[in-house]
Every structure is written in structure tokens, then in C-alpha cells.
Amino acid sequence: MLFVKPSLLKERGIIGMNRRNVDYIARYNDRKLYPIVDNKLITKEYAKKHNIAVPELINSIQYQFEIKQLEKILTGIDKFVVKPAQGAGGKGILVITDRKGDIFYKPSGKEVTFDDIKRHISNILSGLHSLGGKTDVAMFEKLVDFDPVFEPYSYEGVPDVRMIVFQGYPIMAMLRCSTHESDGKANLHQGAVGVGIDIKTGRSLFAVQDGRMIEKHPDTGSAFSELQVPHWEEILPLSAACYEMTGMGYLGCDIVIDKNLGALILEVNARPGLAIQIANDEGLLKRLKMVEEHAPKSTSPEERVKYSLEHFATD
Amino acid sequence: MSSRSQVYLLAVIFFALGIGLTLYKNQSLGFPLLPGQSEEVWTVESKVTFEATGDPITVSMILPQTGSNMTVLAESFSAPNYGFRVKEENGQRRAIWTQRSAQGPQTIYYKLDVVKNDEPSSLAPPSQQKPSSLTLTAAQESRAKDFLSKIKASSADNLSFSIEMVNQLKTSKESNNRSVNSEFKKKSVSELSLILLEMEGIPSRLVRGVSLEDGRRKQKAVDLIEIYNEGQWIIINPKNGLEGTPDDVFVWQRGGVSLLDLEGGVKSKVRFSTIENDQPAKTVALDKSNIEQSAFIDFSIYSLPTESQSAFKRILLVPIGALVVVLLRIIVGLKTSGTFMPILIALAFIDTTPLTGLAIFLSIVSVGLWIRGYLSRMNLLLVARISAVVIIVIGLMGFMSVISYKLGMTQALTVTFFPMIILAWTIERMSIIWEEDGPKEVMMQGGGSLFVALLAYFAMTNPVIEHITFNFPEMLLVILSITLVIGQYNGYRLTELYRFRDLAKGQKG
């Protein structure tokens with residue numbers, strides 16, 4: 001059947017875009033806090049203040065004339081990520097994993113010249129990727145050296161953990177793995193794989209691609225049932241602390257796991273998508289209601305994590 | 001009060017206000033809810049003729065009064081060489097024409113357009129019964145009393161009495177038998193009825209009207225009688241004894257005042273001719289409210305110059321387009337490129353017709369995308385690049401117009417109605433989506449936008465909707481209230497019922 005009866009979705013506690021926008025984002029996310037999450041430079045600043053681990057900022061370029069100094073900025077740097085500070089939906093991110101002289105390499109092995117990078121930065125500055133076309137800042141970040149545990153589950157990209165944090169309580173998680181189809185990007189609607197993660201254990205529950213359940217990664221062939229997110233005990237308090245950092249009641253944080261540094265907050269999203277429900281094969285509503293109605297307010301991140309471990313385990 | 005209940009309260013108020021004002025305009029002011037409705041407008045021309053005797057002339061004619069069964073939309077007086085004024089006297093309007101001296105046949109015209117009004121006009125009760133002015137002979141009086149007592153026996157109240165009496169008088173006059181009529185020779189049924197009613201003590205008066213019959217000329221005024229019964233005046237037609245104002249009579253005057261007074265002339269005659277013509281109901285309603293000086297209409301869009309009115313006609317359609325976008329995005333969940341870009345495209349479709357519009361839109365956007373693809377390799381700053389796209393779009397529009405004109409396809413000339421800035425932004429946005437999300441997403445968003453634009457176009461060009469938005473701008477409040485309510489909708493979108501279809505059963509179990 002193409003369409004499903006709304007009552008069935010309701011029964012399973014699935015929330016739709018309208019409900020997310022009206023009942024959660026509009027109600028719990030104060031408009032004036034948006035810049036904290038919409039501008040990744042500000043996010044980094046706040047994260048430092050709150051002792052939240054983030055990927056290291058190498059440099060940033062704000063004006064077109066600074067682009068000329070790109071060669072100088074990149075001296076001795078072989079691996080980095082260029083992204084617009086106010087980019088939305090993963091747009092405008094350029095990942096460089098290798099360098100030979102003046103030639104850079106993307107994860108796919110595609111060659112990139114200095115000129116290509118300069119043009120990309122120029123586009124970022126003129127606001128091509130930012131919300132509403134505002135002029136933007138290009139930031140250079142250290143490339144995350146991702147944990148080898150994920151190697152079998154990712155194709156040409158860094159998998160990240162998306163955690164929905166409601167009023168400071170981590171309530172649902174998924175791992176997003178890029179595929180050949182998603183062109184190395186971790187966006188589910190572009191063909192990346194979403195893996196539901198058990199809040200209690202950090203083990204995989206369920207994997208979907210393009211809305212369909214799958215057993216194995218389409219490119220690497222590894223079975224998702226074996227997947228265990230490392231540093232899980234670190235990830236939970238880190239995401240819970242994003243509540244204090246941003247002040248937002250309903251947010252999604254993206255976490256990457258560095259081989260050496262452990263869990264890092266990549267970015268925080270004030271309008272997290274709903275695909276996480278598909279990846280977990282479960283609706284968000286029950287957990288949201290649980291927090292809204294029963295969870296104790298104004299507690300520390302550690303206590304909230306304890307509560308989440310107790311109440312949001314999937315068994 | 002929670003914000004949600006505030007929204008609902010506001011929505012209910014707006015909705016009720018919008019519907020209420022619309023109904024008021026429809027019911028009380030007669031603005032039609034549907035386009036193309038027309039109303040019968042009667043043009044009544046009264047022609048006064050007389051022979052002037054050379055003395056100073058004063059012609060005084062009574063004009064239709066308020067409280068008639070028709071509303072006068074327009075009137076005109078025409079009498080060359082005559083001085084003219086309108087005089088109010090005891091609540092009666094009289095037209096006065098004057099001239100120092102004239103000889104021979106004279107003609108004066110008074111023409112008016114009238115339309116039926118359905119409101120029952122409440123009329124003033126009869127003034128204190130004046131002392132009887134009847135001068136009857138003994139024979140007349142005894143015959144009349146005899147007649148009246150017979151009628152009285154076979155009637156229940158004043159109304160049935162009067163009707164019965166009129167019927168009796170009519171039949172006896174027609175059959176010419178020796179009845180009460182024979183004593184009152186030269187008296188018409190209505191005149192006689194009024195005498196008899198006065199004897200009986202029933203308040204009554206003469207009503208003069210004009211019979212409305214299309215193309216009828218040179219007709220005399222029609223006499224009706226009106227009696228006062230249980231607090232209201234009731235007209236009785238002496239021709240057939242029926243009660244109530246006849247549908248085909250325009251009540252001109254009430255009470256026995258003369259229709260025409262003439263000094264300085266002889267052989268005066270008043271004749272009426274009537275013509276029916278259909279006029280758009282809206283025009284009639286507007287004329288009516290002009291006469292009644294309805295403040296509601298005085299401060300409406302109708303008071304603007306015609307040019308601004310037609311601009312507003314277009315602007316008032318935008319909320320309809322916005323409503324379509326709101327419905328399709330929030331309830332259905334379609335993706336469009338740019339929130340309100342579809343409305344602007346739909347507005348352009350109104351001028352170009354949708355098929356030509358689609359063809360123009362698709363060809364300009366695809367050529368634009370192709371050129372934009374090249375521009376993106378030239379390292380241009382964003383503003384410069386979009387400006388370049390705007391210039392290219394204008395060039396394409398000009399090129400298209402000229403080529404198609406030479407080929408004899410004049411439809412393509414309507415290309416100028418497309419807002420070029422919107423076209424340029426569409427091209428820019430589509431090309432970014434193409435680069436980042438691939439052609440599939442471009443098709444999705446582009447197709448979605450065009451689909452919404454087409455739906456908005458069909459909604460906006462629907463004659464009924466067009467008519468209502470322009471003639472009842474109050475409906476904006478209704479649209480606003482619907483928008484407010486939809487803004488609170490937190491249920492599933494139609495597309496989500498598809499997106500989450502597998503979640504309903506649970507894939508694991």
C-alpha cells in the first residue's frame with residue numbers, strides 16, 4: 001500500500017514535520033538562540049566555554065581578498081575540511097584527505113587544485129550555501145581521524161552519530177553512514193544508511209537505506225548487526241551537555257568519533273530531521289512525552305544520562 | 001490563555017466577521033455572490049403634455065416617494081426652456097417646472113431607472129381621521145348603507161370586508177346591473193371604494209402606480225387602494241380584488257394628492273412608457289448604495305479610481321494563491337523551490353495562459369541552467385553571477401519574443417509577464433540544487449513548484465473565486481482565519497503517510 005492510515009502512525013508515536021515544527025521547535029527553541037547553532041564558528045566558541053570537545057579549527061577566511069593567502073594558510077596541512085560557517089544540511093563541505101604538492105585529493109580520490117579550493121571558498125563567502133544567501137565565513141577544520149571500527153560501515157565519508165536531545169535528555173540516536181549512492185555524504189535523503197542505535201548499549205538496532213530495511217552496507221557488505229559504537233559512555237553526556245551549551249530544548253547533535261580524541265561534537269542542529277524514527281523503527285512521541293511529563297527538570301547532564309539509560313533502552 | 005486558543009479565538013472572530021460582512025453585503029446591499037447575475041432595471045419615462053395658453057406656466061408633478069416598492073437608481077428631467085426645481089412638501093417630493101410664457105403644445109419628460117427592492121417598507125400609520133368631506137345625496141347614502149350592510153354580513157374583518165366590497169363593485173360594474181354603482185355614475189371602482197370605506201370608517205387611501213410592462217407606451221397611471229388593517233397598510237388591486245402590492249406595478253405615490261398641477265395651460269396629460277433592461281446585479285447594487293449612501297461602500301475598494309481597482313483585482317487574488325501554497329506545503333507536504341515563487345509564476349500564467357506560460361518557463365529555465373552551468377566555472381562572486389543570470393534571462397526573453405513573432409507565434413510575446421528576477425533566482429537555486437543534490441531533486445522541486453503554480457493558477461482564475469475576492473474583500477478575513485488554523489496543524493502531511501509507511505507495522509516484528 002502506498003499510503004498508510006494516519007491512525008497507525010499515531011499509534012506508533014511517529015511525529016510529522018508539522019508536529020515537530022509547532023509543538024517542539026517553536027515551543028522549545030528560542031529564536032534568539034539560533035545563531036549559536038546556525039553559525040558553526042559561534043558553536044565552537046560556546047563549546048569551548050562549556051568544555052565540550054569539538055574538532056579543532058585551523059583557520060577561517062572572511063573576506064574575498066584573504067583568499068589570495070590560501071597557499072600560506074595551507075602550508076604543511078594535508079588533511080582538512082572546508083565548510084561554510086552557516087551552511088545548512090551539510091551543504092558546501094569540502095573534504096581533503098591527502099595532498100601531493102599543489103594537488104589535493106578528495107576521499108573519492110578526485111584531484112582538486114588550489115584554484116578549485118579558492119573558487120569553493122569564494123562561493124562560500126558570497127553566501128551560496130548559507131541560509132538565505134547571507135555572506136558567510138569559510139572555516140578550515142582539522143580532519144577527523146575516524147575510528148577504524150567504522151571502516152567497514154562507511155564509503156568515502158565519516159560516519160557520524162545523530163542524537164536527539166530533548167530538554168537535555170538524549171532520547172534517540174542513529175549512526176549515519178555514507179554510501180556510494182550518497183556520494184560520501186551522510187544525509188539520509190541522499191541515500192546514506194541510517195542505523196538506529198540503542199541508547200543504553202550503543203549497539204545497532206536496525207538499518208535503513210532510502211526508507212527500506214537493509215542488513216548489510218551496500219558498498220562494503222558488512223553486516224550492521226555487528227556494529228557497536230565506540231565511546232558510547234562518552235557520547236551520551238557530551239550530547240546531553242549540548243542543552244546547557246545552546247539553551248535549546250529540542251536539538252539534534254552530530255557527533256564524530258576520532259581515533260585519538262574520542263567523541264567530538266561536529267555541529268548542533270535546531271531543526272533535526274525525522275528520519276531517525278525510520279532508522280530506529282520507532283516514533284519519537286512516547287519518549288518526548290515521557291520527558292515532558294515525568295523527567296525531573298534542572299538536573300545535571302550526568303543525572304539526565306542516567307535517566308535516559310533507564311528509560312530509553314530498546315530491548 | 002494559551003497561544004493555541006488565542007489563535008483559534010482570533011480565527012473564529014475573523015471567520016465570523018468575514019462571513020458576516022459578506023452576507024450583509026449580499027443580503028442587505030444586494031451584491032451578488034456569483035458572477036454574471038443580473039437584475040431587472042426598469043426605465044420609466046413619464047411624459048407630460050399640455051397646451052400652453054400664453055400665461056406664465058407652472059407645472060408641478062409629484063415624484064416617487066420613499067417607501068415605494070422600487071428604488072430609484074437614477075432620474076433625469078428634460079424640459080428645454082423651463083426653469084426647474086424639486087420641492088419637498090409634507091414629505092412629498094414635487095418637481096416644479098416654470099416658464100414666463102409659451103404657446104402651443106408643450107412636452108416635459110421625466111425619466112427614471114428603478115429596480116425592485118424587497119425590503120418591506122414600513123409606512124407611517126394614518127393620521128387622525130379628517131372630518132368627512134363626503135357630500136352624498138340621500139338616495140346615494142341609503143343605497144350605499146344598504147350595500148355596506150350586505151357586505152358586512154358576509155365578511156369577518158376590515159381586510160375581508162374591503163376585498164369583498166371591491167369584488168362586488170367590480171362585478172356589478174361589469175355586469176352593469178342596478179346596484180350601488182348606478183347611483184354613483186362616473187365614479188371608478190377605486191374612487192367608489194374609497195368613498196364607501198370612508199363611510200365605513202376604515203382608514204384608506206389612493207395609491208397611484210405605473211404598470212411595468214416591457215415596451216408599453218402611453219399608458220395611464222394605475223389606481224390602487226390601500227387600507228390600514230391591524231397596524232399595517234395593505235394594497236388591494238381594484239382590478240382583481242387581490243391583496244398585496246402587485247408585482248408589475250411601480251408604486252409612485254400614496255394619498256390623494258394630485259399627480260399633476262398645471263397653471264397656464266390646458267388639456268394636460270401624463271403618460272408613462274416602460275422598458276425593461278437587464279443590468280449586472282453588481283452595478284445595480286453599487287448604484288443603490290450610492291443613493292442610500294452606505295458608508296460601508298463609501299470606504300471600500302469601489303471608491304478608488306478604476307485603474308487602481310483593477311490593480312487591486314489582481315492583488316486580491318494573491319491570498320488565494322498563498323492559501324493554495326499553504327495547503328499544499330503543510331497538508332500535502334509538497335516541496336517547492338522558494339516559498340512563494342509558485343504564486344508569482346501563477347500570476348504570470350494569468351497573462352500568458354498556462355500552456356504558453358509553461359513552455360516559456362521551461363525553455364527559459366533550461367537554457368538559463370545550461371548557461372549558468374558555464375558561469376559557475378568562471379569564479380564569479382554571487383551577486384555578480386545572479387546579475388549576469390538576470391541579464392541573460394532578459395536577453396533570452398527578448399530573443400524569444402522576436403523569433404516567435406517572426407515565426408508568427410504571437411503567444412510567446414507574453415513572455416514579458418514573467419517576473420525576470422524570479423526567473424533568475426529560480427535558475428540560480430535550481431543550478432545549486434543540481435550541483436549538490438543532483439537532477440532528481442531539481443525535478444522534484446521544480447515539478448512541485450510548477451504543480452503548485454498550476455493549481456494556484458486554476459484557483460485564481462476560477463470566475464467565482466475571482467468575483468468573490470474582488471467584490472467581497474471581507475473574504476480576506478476568512479482566508480486569514482483558515483491560514484491561522486492551518487498554521488496550528490500538527491498532524492501528518494500526506495507525503496509523510498508515504499514516507500513513514502513502513503513504520504506503521506514495524507519492520508522488525
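Among rounded, prolate and oblate, which fits region B:311-472 when a ≥ b ≥ c are the square roots of the eigenvalues of its C-alpha gyration tensor, a/c under 1.5 means rounded, and a/b larger than b/c means prolate?
Here region B:311-472 falls in the oblate category.
Report the paramagnetic label zone for B:ARG217: residues of region B:260-275 whose backbone N is under 14 Å from a point 7 Å from Cα along the Cα-to-Cβ axis.
Counting backbone N atoms under 14 Å from the label point, the list is B:271-275.
Which value, in Å² rounded to 10, gives the accessible area of A:CYS242 with a 1.4 Å probe and all protein chains present?
Result for A:CYS242: roughly 0 Å² accessible.
Taking θ = phi - 60°, what integer Hz values does the Karplus form 6.51 cos²θ - 1.76 cosθ + 1.60 yield along region B:154-171, in sequence order, with x for Gly and Pro?
9, 9, 9, 9, 4, 5, 5, 4, 5, 5, 4, 5, 4, 4, 4, 4, 5, 5
Ignoring any ligand, DNA or RNA, what whole percent of the accessible area of chain B comes from carbon and sulfur when the probe is 1.4 angstrom?
Exposed carbon and sulfur together represent 58 percent of the surface.
Give me the summed buried accessible area for the A-B pair, 1.4 Å probe, to the nearest 100 Å².
Adding both sides of the contact gives about 3400 Å².
At R0 = 51 Å, how high is the FRET efficiency between B:VAL12 and A:SER108 if r is their beta carbon distance? Nearest 0.05 is fine.
Computed FRET efficiency for B:VAL12 and A:SER108: 0.30.
Can you compute the FRET efficiency between A:GLU181 and A:GLN228 using 1/(1 + (r/R0)^6), with r the Cβ-Cβ distance and R0 = 22 Å? Round to the nearest 0.05.
For A:GLU181 and A:GLN228, the calculated efficiency is 0.35.
Tell me the accessible surface of B:GLU276 in square angstrom (1.4 angstrom probe, heavy atoms of protein chains only), to the nearest ten.
60 Å²
Around B:ARG271, what is the net charge, scoring Lys/Arg as +1 and Asp/Glu as -1 over all other residues with Cβ under 10 Å from its Cβ?
Net charge in that neighbourhood comes out at +4.
Projecting each Cα onto the charge dipole of region B:311-472 (Lys/Arg +1, Asp/Glu -1 at the beta carbon, about the Cα centre), which of B:ILE465, B:ILE391, B:LEU355 comes out farthest on the positive side?
B:ILE391
Where in region A:262-309 are there trypsin sites (Lys or Arg not before Pro) that are in a DSSP coil and have at most 13 other Cβ atoms within 10 angstrom of their Cβ?
Taking region A:262-309 and a limit of 13 other Cβ atoms within 10 Å, the loop trypsin sites (Lys or Arg not before Pro) found are A:LYS297.
In whole Hz and in residue order, list the ³J(HN,Hα) couplings for region B:463-475 that follow from phi through the Karplus curve 6.51 cos²θ - 1.76 cosθ + 1.60, θ = phi - 60°; x for Gly and Pro.
x, 5, 5, 4, 5, 5, 5, 7, 7, 10, x, 4, 5
As an exercise, use a Förster radius of 51 Å and the Cβ-Cβ distance of B:THR53 and B:ASP157 to find the FRET efficiency, rounded to the nearest 0.05.
0.50
Using alpha-carbon positions, what is the distance between the centroids of region B:1-80 and region B:420-434, in Å?
What the calculation gives is 52 Å, centre to centre.
Quick one: which residues, 5+ away or cross-chain, put their amide H under 5 Å from the amide H of A:GLU282? H built at 1.01 Å from N.
none
Expressed as a whole number of Å, what is the distance separating the alpha-carbon centroids of region A:215-248 and region B:450-508?
Computed from Cα coordinates, the inter-centre distance equals 38 Å.
B:THR461: net charge of surrounding residues, Cβ under 15 Å, Lys/Arg +1, Asp/Glu -1, itself excluded?
It works out to a net charge of 0.
Whose amide H sits under 5 Å from the amide H of B:GLN253, counting only residues 5 or more places off or on another chain, with H placed in the peptide plane?
It is B:ARG208, by chain and number.
Helix B:341-352 against the longest principal axis of chain B: what's the angle in degrees, Cα atoms only, rounded to the nearest 10?
Helix B:341-352 sits roughly 60 degrees off the main axis of chain B.
Once the Cα atoms of helix A:114-125 and of chain A are each reduced to a long axis, what angle between those two axes, in degrees from 0 to 90 to the nearest 10, is obtained?
So the helix axis and the longest Cα principal axis differ by about 50 degrees.
For helix B:439-461, report the angle its Cα long axis makes with the longest principal axis of the Cα atoms of chain B; keep it between 0 and 90° and round to the nearest 10°.
10 degrees
Which net charge results when you count Lys and Arg as +1 and Asp and Glu as -1 among the other residues whose beta-carbon is under 12 Å from that of B:GLY438?
Net charge around B:GLY438: -4.
Springs between alpha-carbon pairs under 10 angstrom, Gaussian network model over chain A: which of A:TYR250, A:TYR169, A:TYR63 fluctuates most?
Among A:TYR250, A:TYR169, A:TYR63, the largest mean-square fluctuation in the Gaussian network model of chain A belongs to A:TYR63.
Which positions within region A:253-279 get 50 Å² or more of their accessible surface covered by the other protein chains, compared to the chain by itself, with a 1.4 angstrom probe?
Checking the loss per residue gives A:ILE278.
The values are calculated or read from the model by the stated rules, or taken from the named source; none is laboratory data. Note that this is a predicted model, so its numbers are computed, not measured. Cβ coordinates were reconstructed from backbone atoms using ideal geometry, including for glycine residues, and neighbour counts include every protein chain displayed. These accessible areas exclude ligands, DNA and RNA; they are computed on the full protein's heavy atoms, side chains included. Shrake-Rupley method; radii C 1.70, N 1.55, O 1.52, S 1.80 Å.
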